[in-house]
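Bear in mind these aren't lab numbers, they're just calculated from the coordinates by the rules spelled out. The shown structure was predicted, so the numbers you read here are calculated from the model rather than taken from an experiment. Cβ: placed from backbone, ideal geometry, glycine included. Neighbour counts: every protein chain shown.
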Amino acid sequence: MQQLSTLAQWRSAANDARRRGRSVGLVATMGALHAGHESLIAAARENCDEVIVTIFVNPLQFSSPDDFANYPETVEADLAACERWGADTVIVPSVAEMWPHYGERETTTVVVPELSEQWEGAQRPGHFSGVAAVVTKILSLTGESTAFFGEKDFQQLAIVRRLVSDLALAVTVVGCPTVRDADGLALSSRNVRLSESGRARALGLSRALKELSSAPPLSADEARSAMKRVLNEHGVETAYAQIVDSDTLRALTPKDEGNARAIIAGIVDGVRLLDNGPVTVVSAPEESHAAGH
Ligand code: PAF
């Protein structure tokens, strides 16, 4: 496994691979790697000849300096994990390499309208323009490739798909299922910041999603209420618990039916946690439409 740090090395590693007729698989990360990242690298390993992993904690996507400063950094362990999991190249650029003018002047960002404005975007201003900027740069430096992103960050995945399509980048985006601990907690680099009791409360998110599949089919409104109830029962502060269209991420109305996505953000021990899952909803009876839902 080779470790690179400059953009020039990165570009030529990907170009060299393609010149040798090898397909390139990309996994973009912010480090603090866990089994969720392992599954992305495994998918890249299975589907592509050459696997490139990037490790870069992108300052542009943090809404507060504290959140950026507290983000776990475990580069040595991450490199060892990448080697074990079969990456060919790991790129660990510095902030100065990625954003040479960071802190000096505003950096170019990429805005994906509508998709970025709701849910996480509404509560974390600037977050998705920072994500979209770094992902656009990572994809453009890597060039023609297949990029693997986790479904755990469902809104991010929708935004990446949209920007790749709108900007006609030569990248195929593959969404990979969320990896969970045995008790259902979705893996996240932020989980290490949970206390023991916080971790138990955090199970409220996956249990709220589970509630939707075990119940008889619910309307979008009933599903939202059911999720909020479970989150409250677990002492999770609900940022949102919504039923949305899987592509546009617009909230479903009580009249809507069919396949959709349940998305949740909750705060436990001051840590923002996300989860989501597929859900099928039924149209609510006419009287509840009339009741102004
Ligand atoms: O999901 C992440 O780890 C980050 O948002 C990403 C996609 C690597 C961009 O910094």
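What the table below lists for this structure:
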quantity	calculated
Helix 35-47 vs. the chain, principal-axis angle (Cα, 0 to 90°, nearest 10)	60 degrees
Chymotrypsin sites (Phe, Trp or Tyr not before Pro) within segment 53-140, DSSP loop, no more than 15 other Cβ atoms inside 10 Å	102
Sites residue 80 and residue 46, calculated FRET efficiency, Cβ-Cβ separation with R0 22 Å, nearest 0.05	0.55
In Hz, Karplus ³J(HN,Hα) per residue of segment 136-141 (6.51, -1.76, 1.60; θ = phi - 60°; x = Gly, Pro)	4, 5, 4, 5, 6, 5
Helix axis angle, 220-233 relative to the chain longest principal axis, alpha carbon, degrees	80 degrees
For segment 12-26, Karplus couplings with θ = phi - 60° (6.51, -1.76, 1.60), whole Hz, Gly/Pro x	6, 4, 5, 4, 4, 4, 5, 4, 7, x, 9, 6, 10, x, 10
Table column - 3J(HN,Hα) (Hz), segment 156-170, Karplus curve with 6.51, -1.76, 1.60, x for Gly and Pro	4, 4, 4, 5, 5, 4, 5, 5, 5, 6, 5, 9, 6, 6, 7
Helix-only mean residue ellipticity at 222 nm for the chain, each DSSP H run of n ≥ 4 adding -39500 (n - 2.57), per residue, nearest 500	-12000 deg cm²/dmol
Isotropic mean projected area of the C-alpha convex hull, segment 1-142 (nm²)	9.0 nm²
Using distinct alpha-carbon pairs, which all enter the 1/r mean, Kirkwood radius of the chain in Å	20.1 Å
Ranked 255, 228, 152, criterion: other C-beta atoms within 10 Å, fewest first	255, 228, 152
